[in-house]
Each structure stands twice: as structure tokens, then as C-alpha cells.
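All of the numbers you see were taken from the coordinates with simple rules; none came from a lab. Model, not experiment: these values are computed from the prediction. Every residue, glycine as well, gets a Cβ built from its backbone with ideal geometry; the counts of neighbours run over all protein chains shown.
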Amino acid sequence: MTTTLYTSDHEWLAIDGDVATVGITDYAQQQLGDVVFVELPKVGRALKKAEAAAVVESVKAASDVYAPVTGEVLEANAELVAEPALVNSDAQGKAWFFKIKMADRSELGGLMDEAAYKAHTA
Amino acid sequence: MLAHDKDSLKRTPLHGLHVSLGGKMVPFAGYDMPVQYPAGVLKEHLHTRVSAGLFDVSHMGQIALRPKSGRVEDAARALERLVPQDIVAIAPGRQRYAQFTNDNGGILDDLMVANFGDHLFLVVNAACKDADEAHLRAHLSDVCVVDSLADRALIALQGPKAEAALAKLCAEAPAMKFMDSGPRKVAGIDCFVSRSGYTGEDGFEISVPAAEAERLAKTLLENPDVLPIGLGARDSLRLEAGLCLYGHDIDTATTPVEAALEWSVQKSRRSGGARAGGFPGAEKILADFDQGAARRRVGLLAQGRAPVREGAPLFANDAGGEPIGQVTSGGFGPSLNAPVAMGYVPTSQSALGTNLFAEVRGQRLAVQVAAMPFVKNTYKR
């Protein structure tokens, strides 16, 4: 069973064992507006928690997407690179950014559940 | 931003309408302005290119320059002390693009100047309008009364369906040609209408008394072809049109020749012309005309998909070396579905097709000097 957690920087993580699928939240895509470009981390890259891992560019501005946990990139979403507008249409589904093999599950303790994230963005 | 900052922002006469239409309001040049509406920048941009977009540009300054003699040519001659353009030659009912220059040949602001028969009508940038008025008063008060038309709103209607939309309210609109300008009745309201805009599209700018602005905007928006468009799409439209944004692509440190605005300076004001020079910075600007400027504003098309934005340094090579220039405007061009930018480079590296590199997040991305406008303009000449 997967659990979804959220960061205060508006990333979501779907946790499945020691693998987390990471994207940006629907709230974040609404704030960004029309997304026209994404840059994803290379497979195999070692990411530290809070490190800039990806870039999402709307017509207005570029924004960093931070690694919510420490670990190694297992996969990047090629479909998203080809079609950045997926972020606007399906931020918390098809528009996942990358999958990361988590090095330290205790880092998840600092993240929000859905109810806490809703309160955070209210 | 902080609440007290928001409170200090000025509001245009259409502020209430923007909020009621779901406009996302942001601070811009001291005003609380809509950056986009619920449709979003991309759709608003594309709608303007195929239909008609309504823009609130009431934050811009509107100024009447009234000759004390009653003869408009006296005001025109006086204004030529401050701009390198031929103002005397602007026929009644016509307007022209101009720049206020400083003693170094830099640009204090860019503006539109219309001849209304007995006076000149000026439209200047929001952020510069107070300085512009003071500049006009300081230098032209011997000849002219500088009348700030702060009680007027300004609405731009842009796009291929702008003419049909305005024709329903102003029968004279279709007969106007690009840069025609003057008083017209629109929906029975005494307006000043010009066939111009800043999107590269055919269209109109309508100066309307503040008290009537919301009624006029609502009437235009009743037409299903007309959508409200925010500042986000205004910026991407003007960028695709290769038009300068003051404070970004032109400023006090850029001359009209460096900015590739030679077309806006008529021969009569250049060396050998009937009224050559006589404007601030003439020595520098005429030298730029005669000898060429050391650097030029150019269009840049990226080879990849990543937008290259304002401030990105430009390099001649893919590694090493010092920056040769900088991007002054850049982003994603929705009509081109590709990144577009403009910036300054040494004239020796400004030829069309020159391959350069823009540094984005530490990577050098290939860009090529390209012709502007990026999207062909559709002015009704």
C-alpha cells in the first residue's frame, strides 16, 4: 500500500517500500500557471534532502523542485519532459517527476500527511 | 507580499472589474494589476493571436501637450528638444513612436506621440510617468502647458477580431489605418482611439474617461470574441513581436541605435537632415548612426526547450571566456511553442544566424541570433 506525504515546498511523495515517487502538488501547479518546461535529475544521481533536484518552468518563471528525501534517482519521467503541460493537467498522477530510492526512511518523519498539507495551503 | 504594501498600490478604474473576472492581481509599476485571469497566460496569449484580447493599460501615463500659441506645430517643435524623432511631420490624426533621451544618448522612456490637431497627446510608461511629466514641464513650459490626463483610463483591444469588435461600438474604427489616432465616439462615449498596440497584432488603444471605463470594458467583453488578458500574456505577446520593454530591453544606458530602434528616428533629425540633432544626447546618438554602435539588441532563438530568461549571460563559446552580453527579455513564446529572447551583444556578433550560448543554471545552451519580430505582425497599414 502506498502512502502519500507532502513537503512545505509543495512536493508530494508516494511511498512504496523504500522507493518514493516525487512530483509537485496540484496547489503548486495552480500557483505556477502554464508549465512549459521541466528539467529532471539524471538516473543514478545521488540527491541530498533539500537539494535542488529538478526545475519546473512556467510561462512566467523558473522554480526549483527540491529532493524531499536523501537517496538515489531510480527513474525520471520521460513523458513529462516531452509534455510539460501534464503538470497542469495531472500534477499528482501522470506528471510525477522522478523516483528515488530512499537512504533514510526516518527523514519521512518531518513530512506532512494530506490533512496537514491541506491546512498548510489553506 | 506584505499587506501594507498591497494597500499602498494604486488601482486603475478597472480594478474592480479585474477582481470580479478572477484576475490574479500582482504589483506592477506601483499598481495592483492582473497578471492573468482564470484562462491562464498561455490561452490568453493564443486567444489574442486568433481573436481579440482586452488589456487594461490604464497604469500608463496620458499627457496632453498644449501649445500656448494654439499652434500644434509649436508644441511639436518644442517636443523635438527632448526626442530624436521628427514630431513636426506627424500629420493631424496620426501618431508616432518616440523616445525621451538623456545627455548620454540613453533612453529615459519610450512613448507614443499623436497629433490631435490643436495639441499633442502622449502615452508614456507607468513607472516613468511622473518623471516624464516633470521633464516636459522643466523643458517645455515656455511653449506648452503640460496637462496630466490622470482622469482617463486606457484600454487596448488587440487581435484579428479587434476591428470587428470595436466596429460595433465605433463605426469609424474600420477606416482607421495603423497609427491613426484621434478623438472618436465609442459606445457614445468621447474617447481617443488609436490603431496601435503592443502585441504585434492589429488593434486599438482606447483612452476613455475613468468614470466610463468599466462600462466600456464590460460592453466590449460582452462580445464572445473578446477575452480579458493579463500582463503575463501582454509580455509574451510583445516579446514575440520583438518590441522593447522599458527598464528591461531599453533604459538610460542604451541608445536608440544600440536598441535597434533606428527605424524610429527620421532622416530629418539625423546628420545632414533639416533639423538634425538638437535633442539630449544628440552627439552620441548621431555618432552611433554615423559610425555604428558597439553593441546591438538582437533576437535570440534557443535550440532547446528551456526558456532563456532576463539576466542570462551570453557567451561566444560553449565553455570558458567572459560573457559578451546579456539577455534583457526572455521566456516561452506560446505562438512559436518555443523559447524566445532578446538581448545585447557586440555588433560584431549580431549578424543573423550567429551561434551563441546563454548560461542557464550553470549550463551553456545554444542560441542563435534571429530576425525579429519572431511572429509576423499584422498591422493594417
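Using Cα-Cα distances under 8 Å and only pairs 6 or more residues apart, what relative contact order does chain B have, in percent? If you can, show how the numbers build up before the last one.
Numbers: 900 pairs, mean separation 66.2, N = 381.
About 17 percent, as a whole number.
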query = Quick one: net charge of residue A:66's neighbours, Cβ under 12 Å, K/R +1, D/E -1?
reply = -2
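Could you work out the per residue convex hull volume over the alpha carbons of the range B:61-136, in cubic angstrom?
Numbers: hull volume 5.8 nm³, N = 76.
For the range B:61-136, the hull spanned by Cα atoms encloses 76 Å³ per residue.
Can you give the charge dipole size of chain B about its Cα centre, rounded to the nearest 20 debye, using +1 on the beta carbon of Lys and Arg and -1 on the beta carbon of Asp and Glu?
Roughly 720 debye, rounded to the nearest 20.
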remark   = Between the modelled labels at residue B:354 and residue A:51 (7 Å from Cα along Cα→Cβ) the distance in nm is 3.8
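In the neighborhood of residue B:24, defined by Cβ-to-Cβ distances under 12 Å, what is the net charge if each Lys or Arg adds +1 and each Asp or Glu adds -1? Walk me through the numbers before you get to the answer.
Values: positive: A:60; negative: B:32, B:44.
Combined, the nearby Lys, Arg, Asp and Glu give -1.
Assigning unit charges at the beta carbon (Lys, Arg +1; Asp, Glu -1) and nothing else, what dipole magnitude in debye, to the nearest 20, does the protein assembly as shown show about its Cα centre? Display every interim value, and only then the final one.
On the way: 51 positive and 62 negative charges, 268 e Å.
Roughly 1280 debye, rounded to the nearest 20.
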key: Estimated vicinal HN-Hα couplings, Hz - the range B:71-81 in sequence order (Karplus 6.51, -1.76, 1.60; Gly, Pro = x)   = 9, 4, 5, 5, 5, 4, 4, 5, 5, 5, 5
ask   = Placing +1 at every Lys and Arg Cβ and -1 at every Asp and Glu Cβ, with all other atoms neutral, what dipole size does the range B:61-136 have around its Cα centre, in debye to the nearest 20?
value = 260
message = Suppose we keep just the alpha-carbon trace of the range B:10-150; what are its Rg and Dmax in angstrom?
response = 17.5, 51
query = Based on Cα positions only, what radius of gyration and what Dmax would you give for the protein assembly as shown, in angstroms?
reply = 25.3, 85
note = Mean-square fluctuation maximum in Gaussian network of chain B, Cα pairs under 10 Å, restricted to B:115, B:223, B:125, hits B:223
inquiry  = Which one, B:281, B:182, A:36, is farthest towards the positive end of the dipole of the protein assembly as shown when Lys and Arg carry +1 and Asp and Glu -1 on their Cβ?
reply    = B:182
task = Go through the range B:1-73 and name the trypsin sites (Lys or Arg not before Pro) that are in a DSSP coil and have 15 or fewer other Cβ atoms within 10 Å of their Cβ.
result = B:11, B:68, B:71
query = Non-local amide H neighbours of residue A:37 (under 5 Å, H modeled in plane, Pro and chain starts lacking H): which ones?
reply = A:57
remark   = Given Cβ charges of +1 for Lys and Arg and -1 for Asp and Glu, the option among B:16, B:315, B:236 whose Cα lies farthest towards the positive end of the dipole of chain B is B:236
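Fewest Cβ neighbours within 10 Å first, please rank B:263, A:96 accordingly.
On the way: B:263 8, A:96 23.
By the 10 Å Cβ count, ascending, the order reads B:263, A:96.
Based on the Cβ-Cβ distance of residue B:142 and residue B:262, what FRET efficiency does E = 1/(1 + (r/R0)^6) give at R0 = 22 Å, to the nearest 0.05? Write out the running numbers ahead of the final one.
Details: r = 31 Å, r/R0 = 1.39.
Efficiency, from the Cβ-Cβ distance: 0.10.
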inquiry  = Need one number: nm distance between label points at residue B:89 and residue B:336, each 7 Å from Cα along Cα→Cβ, rounded to one decimal.
reply    = 3.1
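For the range B:158-315, what is Rg from Cα atoms divided by 2.2 N^0.38 Å, rounded to two decimals?
Details: Rg = 19.8 Å, N = 158, 2.2 N^0.38 = 15.1 Å.
Scaled against compact globular proteins, the figure is 1.31.
In a shell of Cβ-Cβ distance under 15 Å around residue A:75, excluding residue A:75 itself, what net charge do Lys and Arg (+1) and Asp and Glu (-1) give? Intermediate results must be reported in sequence, preceding the final value.
On the way: positive: A:42, A:45, A:94, A:99, A:101; negative: A:16, A:18, A:72, A:79.
Result for the local shell: +1.
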request  = Enumerate the whole-percent occupancy of each 5 Å bin, from 0 to the last occupied one, for all C-alpha pair distances of the range A:3-108.
outcome  = 2, 15, 27, 27, 18, 8, 2, 0
query = Can you give the Kirkwood hydrodynamic radius of the range B:262-370 from its Cα pairs, in Å with one decimal?
reply = 15.2
note = Averaging 1/r across every pair of distinct alpha carbons in chain B and inverting yields a Kirkwood hydrodynamic radius, in angstrom, of 21.5
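Calculated FRET efficiency, residue A:81 and residue A:8, Cβ-Cβ r, R0 22 Å, to nearest 0.05? Write out the running numbers ahead of the final one.
On the way: r = 26 Å, r/R0 = 1.19.
Computed FRET efficiency for residue A:81 and residue A:8: 0.25.
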inquiry  = What are the ³J(HN,Hα) couplings of the range A:72-83, residue after residue, when phi is run through the Karplus curve with 6.51, -1.76, 1.60 and θ = phi - 60°? Round to Hz, x for glycine and proline.
reply    = 10, 6, 9, 7, 10, 7, 4, 4, 6, 5, 6, 9
